[in-house]
Amino acid sequence: MGTYIVKRLGQALLVIWLAYTAVFIAVQSLPNDPVTIFLSTDSAADPATIAQMKAYYGYDQPLFVQYFSQLLGLLRGDLGYSLSNGSEVATRIGEVAGSTLILAGSAFVLSVVFALIIASAASLARGGKLRKALLNLPPLMVSIPVFWLGLLLLQLLAVQLGVMSLFPDGSFMSLAVPIFVLAVHLSAPIAQVLIKSVQEVNRQPFIEVLRAKGASEAWIFYRHTLKNAAPAALSIAGITIGALLAGSVITETVFSRAGLGQLILQSVTAQDIPLVQGLVLLTAVVFTAVNLLVDLIHPQLDPRIVTSTSGATRSLVA
Amino acid sequence: MSLITEHVGSVDTADQPLASTKTATKIGNPAARWFAAWWVLIPLAVFVAWAFLPSLFTGHDPITGVPADKLLAPSAEHLFGTDHLGRDIYSRVVYGTRQTLLTAGLACLVGSVVGSILGLLAGTAGRFADTVAMRFVDIVLAVPAFLIALILVTATEPGPLSLGLGVGIASIAVFARLVRTEVLRVRSRDFVQAALMSGGKYFTVLRRHIIPHIVGPVLSLLAVDLGAAILAISGLGFLGFGSPPPTPEWGLLISEGRQYLSVAWWLTTLPGLVIVSAVMLTAVLGRAINKAFRF
Amino acid sequence: MNATSNASSAVIRIEDLTVQYAQGTVAADSINLEIPAGQIVAIVGESGSGKSTLTKTLIGLLPQGTEVQGSVRFGGTEVTNLSLSDWRAIRGAGIGLVPQDPGASLDPVKTIGSQIIEVFRLHPSRSVPKAQWRSKAIELMQSVGIDRAESRLDQFPHELSGGLKQRVLIAIAFALNPQLLIADEPTSALDVTVQRTVLEVFVSLARKKGTTVLFVTHDLAVATDIADRVLVMNSGRLLEDRSVPALVAQSTEPYTKALLDQAYAHQDRQQPSTSDDIAITVEGLGKVFGKGRNEHQVLSDVSFEVQRGTTFSLVGESGSGKSTTAKIIMGMHPATEGSVLVNGREVANISGKQRYDLWRDAQLVYQNPDSALDPRQSIGSIIAEPMVNYRLGDSARRAQRVAQLMDQVNLPEQLVGRRPGELSGGQRQRVAIARALASGAKILVLDEALSALDVLTQEQILELLDQLQREEQLTYLFISHDLHVVERISHRVGVMCRGQIVESGTVDEIYSNPQHEYTRTLLAANPGKVLRELADSRTA
């Protein structure tokens, strides 16, 4: 168990470091340095100002110095300075992260609940038609653009029924509806994987043995199938963190909410590369951390994981 | 956003309840059976026709409107109504198809080609190649697809090329994982080793015994990924990172309609329905391909 | 009067049972059967004979949409039209099941203890009070011979060996003292020595508790060893229903006779030859897997020789290292130490071109022909593949050679364009053998090549191998866990245990006069004792 945790932790740190390096290389491979790109929108910028700013933000240093000083900063939680208003990137992110965290966090929890409801209803439904309808629900949900669902609900609830306002006003509805929209979007892939995994578990001989013990379908599903199917769904739930971020950006735009989404859009539009860089790293860290957590929960769900060493691929030419 | 393409298999098994019999195969007539499996090609062909011959489907100009006809509700004349400039929304949707489909197609091409090669290498070229390829995939996954596309679009000149490339890079991971899994599944069967022992060299075995088995899943994922790319591209278009107005593009159309939410429901609802149906059709196509290639 | 007492003493009474699956297959055809209390009845049949359908009907687990006609009575209750909840009351309590595959029949994410106690939880009215569940579970585990029962309660299935898992499943099946116990091939996934001990535990428990047992197996030898009465099934019909001695003495059905002949066939042992032309020499072979703490020795000092034109068998249980030996000889694994000569050439640790050269001389035939043939290729192109790869002949010559090979392995010519999926298991194994011979290899390594086949198909492939060996002077290295098959095919035998050859010699030496303790244990565990005794008394 101990080596398992250490191994996973090491992998997570490696991914973050590689992601940092990839982003650094990507920024370097841009046709110009961040300051020049940022100031290119401003026609009045003269070379002297550019040089002064470059020196101020450290972009005139040799590459490896920049690489290590930024990496060192990252270790201390310092993400550098935003070009658009000179404040710390970490501060700018911190200002709006809370709002997004509430939206994304609740949506994530709700999406898992939705997925569980759909999967258990589909597995336990008696009628073939009902089951089929439930099984087709996730593919339908996956095909609906988040922004369209959001606008549709705004149209219906704010314009037609008048039970919520078009802009956030702190009411329950103005938080609940965005969360619902995001959760519907997120739950579809989780539900799909959960259903598939449940179907795979149901094909295993031990399910038949449980029936022979006299267990009912519901007993089998809740006490056995679900626990066996959970690891696959958990993995996909971890990966949805990426989709969660994209969904948050769009949901925040649709419902005019402040948050990381708007910050991302602003920083990209203003070509504020240090801010973009910070946001990318933040998401990579969050993504990796959540998936590390998923990896650490796995052994609790499936006792076989720790003991089995992963089947590494051999070469075809051996 | 291409996350939803991750589990193409689940789309496929979704319609198989525990002990269902294959009713579809019981339809006797071969033409009827073909239609039951492949009807989805007909509406998809309509979309392709919209993309390449838009003028055949609408008489209205998508760019310049008739100001007198502004914000008209859907009617026989204007199927999807008109916008604030009096432009016919239906014709803007039809003309917007090309932009969306071409960009999505480019994204799929990038994702599938690069991803499949990575997956093949990971699955067949030994442990080192596997580790390198899979770490790369981990990184691509760790930075959300959406951000990759967004950054590429801003760092370079906005347009279909950078948009398609950005969305495509994001879906490399999905293809690489699928191909690797499928390769490992095929390789676990003895016939791959037997082929080596029958004197087959690396590329011979790859070509004769591995690739034929993964073509089906890859094509199936390609169809589903096309839908995912359409979603991602319209999402970016909605945020204003697609082609600049007045070029018609599906996401942009909805974003423009958003300002008239309270007066003209059709501006957002109807183009959105087109997106939903296009994406669902690709999912159905993916399922049909998967069935056709199953052995 | 007489009739009613009969009916009440019968645990199972089946009248005119016909079962038809939704897709149209009739899996059971007008079956009549009565099993009195306390009897152990074995059903013998090949896959697809309908034996599993019969047991599924008895426990109410046929798939939805299956049509059942006739009557099945369990202890006087008609069960063909029971409701789901009535079935649930019977399953586990009145009728127990010991499943086929112990490896996959326990929930991998639940502890052993919770899975035993689950039966009590499901049938609270039939079991002891809740406070005693745990001690009752321990008692049950001890009754099936599980050591350290208390500590094993909290273990997970993957921490137990296959034999222990099957014991746990037997404990679960006996937990509520059911009247009827259905055992569905309970030991076919186990090694012979484990099979023997598990069977002993199972049978003695059933006898002690007076449980009626319906024991399903494909192995006539196992059936006759444990049962009072043997039923033979084929294509949905009951062919025979006799006591064990009567089956041997009076059987008239050709199918049963064939099964019996197969089981008896130990008389025709191969005569050892004395050629000094050696095809394979293995000298001091050792293999270590893993590194550091995970390091374990799978082979140590394995040495043997195979004379050209003869069969050498490596026999042993799973994990004994016999398959690893085969893989090293075939150049698929590097050896840690020792040497392997094939046709006089060193092949341990070769790579690249040398391996391709080796594979022209020696070929491997796999256990499972399903997996060994690419389902997308036609039979013709599968057999031709080695010739294409090694550039032997032009396409006309290759087609000619394919036809010749197919003829040699008794495959009808018209199958050349078919795909493996359209062939039977035996035919597929013939294709695999034909492919192995296509490149001109005269040495075949047969890795459990008969294990996946039905008994009668095994018989045919055995004959084919024998015929090919005589015609083509083939050398076989035969890897198997099946003592019975090994006895028939081999000239010489090496017995493997924990990575070592503990004893080797001619078939006669090994089977009639085993020297090593392990060989004796292995032979004693070999099922078919009752049959052999009956055969001996008949010939005497």
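Worth a mention:
- Across region A:239-275, the qualifying residues are those that are facing chain B (nearest Cβ under 7 Å) and open to solvent by 20 Å² or more (accessible area, probe 1.4 Å), and the one among them that is nearest to residue B:235 (Cα to Cα) is A:253.
- Odd one out for residue A:310, checked against (1) closer than 18 Å to residue B:141 by Cβ; (2) more than 10 Å from chain B (Cβ to nearest Cβ); (3) at pLDDT 80 or above: (3)
- The set of residues in region A:132-144 that are in contact (Cβ under 8 Å) with a residue 12 or more places away in the chain, open to solvent by less than 60 Å² (accessible area, probe 1.4 Å) and either under 17 Å from residue B:277 (Cα atoms) or facing another protein chain (nearest Cβ under 7 Å) (or both) comprises A:135, A:138, A:139, A:141, A:142, A:144.
- Flag for residue C:137 being crowded, with 21+ Cβ neighbours inside 10 Å, more than 15 Å from residue A:206 (Cβ to Cβ) and more than 10 Å from every other protein chain (Cβ to nearest Cβ): yes
- Count - residues of region C:196-249 that are farther than 29 Å from residue C:164 by Cα and in a helix (DSSP H, G or I): 6
- Test: residue in region A:159-167 that is of a type in the set (A, V, I, L, M, F, W, C) and within 11 Å of another protein chain (Cβ to nearest Cβ): yes
- Residue within region C:389-406 that is part of a helix (DSSP H, G or I) and in contact (Cβ under 8 Å) with a residue 60 or more places away in the chain present: no
- Restricting attention to region A:167-189 and to residues that are in contact (Cβ under 8 Å) with a residue 60 or more places away in the chain and not in a helix (DSSP H, G or I), the residue that is most open to solvent (accessible area, probe 1.4 Å) turns out to be A:167.
- Members of region C:422-452 found to be part of a helix (DSSP H, G or I), touching an Asp or Glu at 6+ places or on another chain (Cβ under 9 Å) and either surrounded by fewer than 24 Cβ atoms within 10 Å (Cβ to Cβ) or not hydrophobic (A, V, I, L, M, F, W, C) (or both), listed by number: C:425, C:426, C:428, C:435, C:437
- Test result for residue C:355, at the interface with chain B (Cβ under 10 Å from one of its Cβ atoms), out of contact with any His (no Cβ under 7 Å at 6 or more places or on another chain), crowded, with 17+ Cβ neighbours inside 10 Å and of a type in the set (Lys, Arg): yes
- Residues located in region C:262-285, provided they are at pLDDT 80 or above and surrounded by fewer than 18 Cβ atoms within 10 Å (Cβ to Cβ): C:277, C:278, C:281, C:283, C:284
- Meets criteria (within 11 Å of chain B (Cβ to nearest Cβ) and acidic (Asp, Glu)) for residue C:385: yes
- Output for region C:292-315, where each listed residue is assigned to a loop (DSSP other than H, G, I, E, B) and on the phi < 0 side of the Ramachandran plot: C:295, C:308, C:310
- Annotation for region B:228-248: no member residue is touching a Leu at 6+ places or on another chain (Cβ under 8 Å), of a type outside the set (Asp, Glu) and within 14 Å of chain C (Cβ to nearest Cβ).
- Annotation: residue C:350 fulfils all but one of (1) β-branched (Val, Ile, Thr); (2) within 30 Å of residue C:502 (Cβ to Cβ); (3) more than 13 Å from every other protein chain (Cβ to nearest Cβ); the unmet one is (3).
- Evaluating residue A:269 against the criteria (1) under 20 Å from residue A:116 (Cβ atoms); (2) of a type in the set (Ser, Thr, Tyr); (3) over 21 Å from the mean Cα position of the chain (by Cα) leaves one unmet condition, (1).
- For residue C:368: the one exception among (1) touching a residue at least 60 places away in the same chain (Cβ under 8 Å); (2) crowded, with 21+ Cβ neighbours inside 10 Å: (2)
- Residue in region C:122-130 that is open to solvent by 10 Å² or more (accessible area, probe 1.4 Å) and over 29 Å from residue C:10 (Cα atoms) present: yes
- Close Cβ contacts (under 9 Å, 6 or more residues apart or on different chains) running from residues in region A:236-255 that are over 23 Å from residue B:255 (Cα atoms) to residues that are among the acidic types (Asp, Glu) and surrounded by fewer than 24 Cβ atoms within 10 Å (Cβ to Cβ) comprise A:238/A:295.
- Test result for residue B:268, of a type in the set (S, T, N, Q), more than 8 Å from chain A (Cβ to nearest Cβ) and closer than 26 Å to residue B:84 by Cβ: no
- Residues being over 28 Å from residue C:46 (Cα atoms), open to solvent by less than 10 Å² (accessible area, probe 1.4 Å) and hydrophobic (A, V, I, L, M, F, W, C) are entirely absent from region C:464-473.
- Among residues of region A:195-235, those that are surrounded by fewer than 22 Cβ atoms within 10 Å (Cβ to Cβ) and at the interface with chain C (Cβ under 7 Å from one of its Cβ atoms), counted: 6
- Selection status of residue A:68, over 18 Å from residue A:21 (Cβ atoms) and among the aromatic types (Phe, Trp, Tyr): no
- The criterion of at least 1 residues that are more than 16 Å from residue A:152 (Cβ to Cβ), touching a helix residue (DSSP H, G or I) at 6+ places or on another chain (Cβ under 6 Å) and open to solvent by 20 Å² or more (accessible area, probe 1.4 Å) is met, among helices (runs of 4 or more DSSP H) falling completely within region B:207-295, by B:211-239, B:266-293.
- Residue within region B:175-196 that is assigned to a helix (DSSP H, G or I), among the hydroxyl-bearing types (Ser, Thr, Tyr) and under 17 Å from residue B:130 (Cα atoms) present: yes
- Residue B:203 within 14 Å of chain C (Cβ to nearest Cβ), open to solvent by 40 Å² or more (accessible area, probe 1.4 Å), among the aromatic types (Phe, Trp, Tyr) and not in a loop (DSSP other than H, G, I, E, B): yes
Here is a yes/no grid of residues against (1) modelled with pLDDT of 75 or more; (2) within 25 Å of residue C:21 (Cβ to Cβ); (3) open to solvent by less than 80 Å² (accessible area, probe 1.4 Å); (4) touching a Gly at 6+ places or on another chain (Cβ under 9 Å):
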| residue | (1), (2), (3), (4) |
| --- | --- |
| B:16 | no, yes, yes, no |
| B:27 | no, yes, yes, no |
| B:30 | yes, no, no, no |
| B:35 | yes, no, no, no |
| B:40 | yes, no, yes, no |
| B:43 | yes, no, yes, no |
| B:59 | yes, no, no, no |
| B:77 | yes, no, no, no |
| B:80 | yes, no, yes, no |
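- Breaking point among (1) touching a strand residue (DSSP E or B) at 6+ places or on another chain (Cβ under 6 Å); (2) at pLDDT below 90; (3) of a type outside the set (Lys, Arg), for residue C:254: (1)
The values are calculated or read from the model by the stated rules, or taken from the named source; none is laboratory data. These figures come from a predicted structure and were not determined experimentally. Note: ideal-geometry Cβ built from the backbone for every residue, glycine included; neighbour counts use all protein chains shown. The protein model used for the area step is the full one, side chains on, heavy atoms only, and it has no ligands, DNA or RNA in it. Shrake-Rupley method; radii C 1.70, N 1.55, O 1.52, S 1.80 Å.
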